[in-house]
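Encoded as structure tokens, the structure appears first; notes follow it.
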2 protein chains.
Amino acid sequence: MRVSTLGYALLGFLAARKLTGYDLARLLREPLGFFWTARHSQIYPELESLRRQGLVRFQVIVQPTRPDKKLYTITRAGRAALRKWVTEPVKSPVQRDEELLKTFSIQLGDPEEAAALYTDQLRIHRDLLQRHRRLAASLERLQGKTLLDPRSPQFGNYATLRRGIGYERERVAWYRWILARLSAPKPRTAKIRRYV
Amino acid sequence: MRVSTLGYALLGFLAARKLTGYDLARLLREPLGFFWTARHSQIYPELESLRRQGLVRFQVIVQPTRPDKKLYTITRAGRAALRKWVTEPVKSPVQRDEELLKTFSIQLGDPEEAAALYTDQLRIHRDLLQRHRRLAASLERLQGKTLLDPRSPQFGNYATLRRGIGYERERVAWYRWILARLSAPKPRTAKIRRYV
DNA sequence: GGACGCATGTAATAGGTTACATGATTAC
DNA sequence: GTAATCATGTAACCTATTACATGCGTCC
């Protein structure tokens, strides 16, 4: 028995507060969980595995009007395992971006359809960028310079958020570049237009 | 029988030239395949599946000094399938970044060990950025403005390379930010130093 | 009446990694 | 000699997605 990466993701959230499997599923649902995603069907068995290893425990909360729930708490052993893991070297991240894979062969497709694809994506990521920025701004307003202290409990959250902002900003800029390319007037098109 | 995303990745490379499974494994090996990765154990069966679907075919090349090899060619049907796929909407990309997951809880770890981790990563991504930039520069020198034509056979390659550059540049900037945070003088540390 | 949120689970399948397996040639 | 490159494959295992399953309360 060992802890999977998903297990550490769950421990990471549980280190801040008590949560149910349902809560965790919500946190790891796209596009909110912007550095790790998982479905509830993976989360429930993983929580059970963490419990068997003594890294979390739960208490059942009986609710009159809603289904009963299991509120999970990280144990001392869980916190120790997480603390050890965070500074261990990472494996080089596996890049799997379907959109970039399509882009690699985009010259084969219809330019107008391609432009439609990237326009949709631009909108999605512009919205995401705005959301991240708002969240960062509200954190900054509430916490101020504490966020910049690498021992503050909110430091990791703020650091990942900054990375999310940088990532989305870069993405948006790239969409704008490719859309400009796709809609730039082509000599051939111009000729056809002139004579048809 | 349907074509997996990996299948389209293989078709994408085969659209440009004939390749063996071994060649494809090399192209999809980290960190070269920066938008899709796969091992040879996944590639060989996938090529066979594409062949059964009539999207690729191969010819055996007998080599006197080296092992025989299968040189794969994309078929007309394969090219059509690829062309159709490139402009189809993408599923929202699943983000799974172990490093960011660690960052989320980094305040729990030792700041010096954390700094070592990010210093390593900074070096790796600085090198990757430089490599992408050199590749882009050499492409630009050879092909010039053709690269900016979305119908040019090199357009997709150039577009993904630009994205790679943007991505790595953003990453490097973020590493610098977090390292600055981790090594910034803390009042508490200063006090301890003064009195110990 | 139907969709959505809360809440937890299992089963079947697909996708991906690691390890096993073989064997010649070339470079250090 | 020994490690790396070329070259192709299979088997076992782990990880992740989709689908199946249940049931109450609230909102429109």
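Every number here is computed from the coordinates shown, using simple stated rules; none is lab data. As the structure is a prediction and not an experimental result, all values here were calculated from the model. Cβ atoms come from the backbone with ideal geometry, glycine included; neighbour counts cover every protein chain shown.
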Report summary line: Magnitude of the Cβ-charge dipole (Lys and Arg +1, Asp and Glu -1) of the stretch B:87-131 about the Cα centre, nearest 20 debye, reported as 240
Report summary line: Residues meeting the amide H criterion for A:Leu19 (H placed from the backbone, H to H distance under 5 Å, 5 or more places apart or on another chain) are A:Tyr72
Query - Helix B:155-183 vs. chain B, principal-axis angle (Cα, 0 to 90°, nearest 10) - result: 20
Query raised in the report: Could you state the per residue volume, in Å³, of the convex hull enclosing the Cα atoms of the stretch B:46-125?
Result: 200
Query raised in the report: Exposure proxy check: A:Ile106, A:Ile74 ranked by fewest other beta carbons within 10 Å?
Result: A:Ile74, A:Ile106
Query raised in the report: Is it possible to state the helix-based mean residue ellipticity at 222 nm for chain B, with each DSSP H run of 4+ residues giving -39500 (n - 2.57), the sum divided by total residues, to the nearest 500 deg cm²/dmol? What is it?
Result: -20000 deg cm²/dmol
Requested in this report: For chain A, calculate the relative contact order in percent as a whole number, restricting contacts to Cα pairs under 8 Å that are 6 or more residues apart.
Outcome: 17
Requested in this report: Name the residues whose placed amide hydrogens come within less than 5 Å of the amide hydrogen of B:Ser152, ignoring near sequence neighbours (fewer than 5 apart) on the same chain.
Outcome: none
Report task. Would you please classify the overall shape of the stretch B:1-85 from the alpha carbon gyration tensor, given that a ≥ b ≥ c denote the square roots of the eigenvalues, rounded means a/c under 1.5, and beyond that prolate means a/b larger than b/c while oblate covers the rest? Result -> oblate
Query raised in the report: Counting Lys and Arg as +1 and Asp and Glu as -1, each charge on the Cβ, what is the dipole of the protein assembly as shown about the Cα centre in debye, to the nearest 20?
Result: 560
Query raised in the report: Roughly what would the spin-label model give for A:Tyr44 and B:Arg39, points 7 Å off Cα along C-beta, in nm?
Result: 3.1
Query raised in the report: Amide H neighbours of B:Thr75 under 5 Å, counting only residues 5+ apart in sequence or on other chains, H built in-plane at 1.01 Å?
Result: B:Val56, B:Arg57
Query raised in the report: In whole Å, what are the Cα extents of the protein assembly as shown along the three principal axes, biggest one first?
Result: 76, 56, 41
Requested in this report: Exposed loop trypsin sites (Lys or Arg not before Pro) only (DSSP loop, at most 16 other Cβ atoms within 10 Å): please give the longest stretch of chain A free of them, not including the sites.
Outcome: A:92-150
Query raised in the report: Roughly how many debye, to the nearest 20, is the charge dipole of the stretch A:98-183 about its Cα centre, given +1 on each Lys and Arg Cβ, -1 on each Asp and Glu Cβ, and no other charges?
Result: 620
Query raised in the report: How big is chain B on each of its three principal axes, counting only the C-alpha atoms and giving the largest first in Å?
Result: 76, 42, 39
Report task. Step through the table entries A:Lys145/B:Lys102; B:Lys69/B:Lys91; A:Lys70/A:Lys91; B:Lys18/B:Lys84; A:Lys18/B:Lys102, compare each Cα-Cα distance with 25 Å, and write down the pairs that go over it. Result -> B:Lys69/B:Lys91; A:Lys70/A:Lys91
